[in-house]
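Chemist: The structure is given below, and queries will be raised subsequently.
Each reported figure results from applying straightforward, stated rules to the coordinates on display, with no laboratory input. Being a predicted model, the structure only gives us computed values, none of them experimental. Because the Cβ atoms are built from the backbone with ideal geometry, glycine has one as well, and the counts that use them run over all protein chains shown.
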Amino acid sequence: MVQAIPEGTSVQSMYLPYSDAGLFGLVVSGRTAEGVREAGKVAVEVLKNSTKGLTEDELKSALAKAKFGAASAVESREGLIRDLGAKVMVKSLVGLTDQLDFVDFHGRYVC
């Protein structure tokens with residue numbers, strides 16, 4: 001995917017957990033509208049094809065990486081502040097356990 005994205009543009013994933021659901025999205029930014037448009041097309045195509053040919057071992061590996069990423073995110077000062085800030089500022093009750101449960105629950109329905 002990285003090779004197909006025009007120079008000067010970037011695509012980043014985002015995940016916003018809520019107490020009863022989660023929101024996933026992509027943030028596309030760049031210097032030109034054409035670059036953003038092209039990067040967006042590439043990102044959408046990658047998402048569409050992301051589960052084609054996915055083996056069970058690849059899924060298990062991806063789920064383990066997601067869980068590790070969520071768990072290690074709260075070990076840094078920035079991650080801890082982000083986690084606690086969400087709880088204080090928007091009264092979010094979503095914590096690490098909820099995120100790990102979310103990954104486990106949705107991972108069962110991919111393959």
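Chemist: What is the distance, in nm, between label points placed 7 Å from the Cα along the Cα-to-Cβ direction at Glu45 and at Leu26?
Modeler: A separation of 1.1 nm, rounded to one decimal place.
Chemist: Taking one equal scatterer on every alpha-carbon of the range 1-75, how large is log10 of I(q)/I(0) by Debye at q = 0.15, 0.27 1/Å?
Modeler: Debye intensities relative to I(0), on a log10 scale: -0.70, -1.17.
Chemist: I've got another one for you. For the range 1-74, which trypsin sites (Lys or Arg not before Pro) are in a loop by DSSP, counting at most 12 other Cβ atoms within 10 Å? Write out the running numbers ahead of the final one.
Modeler: Details: sites: Arg31, Arg37, Lys41, Lys48, Lys52, Lys60, Lys65, Lys67; in loops: Arg31, Lys52.
Filter output for the range 1-74: Arg31, Lys52.
Chemist: According to the square roots a ≥ b ≥ c of the eigenvalues of the Cα gyration tensor, what is the shape class of the range 31-84, taking rounded for a/c under 1.5, prolate for a/b larger than b/c otherwise, and oblate for the remainder?
Modeler: It comes out oblate by the Cα gyration axes.
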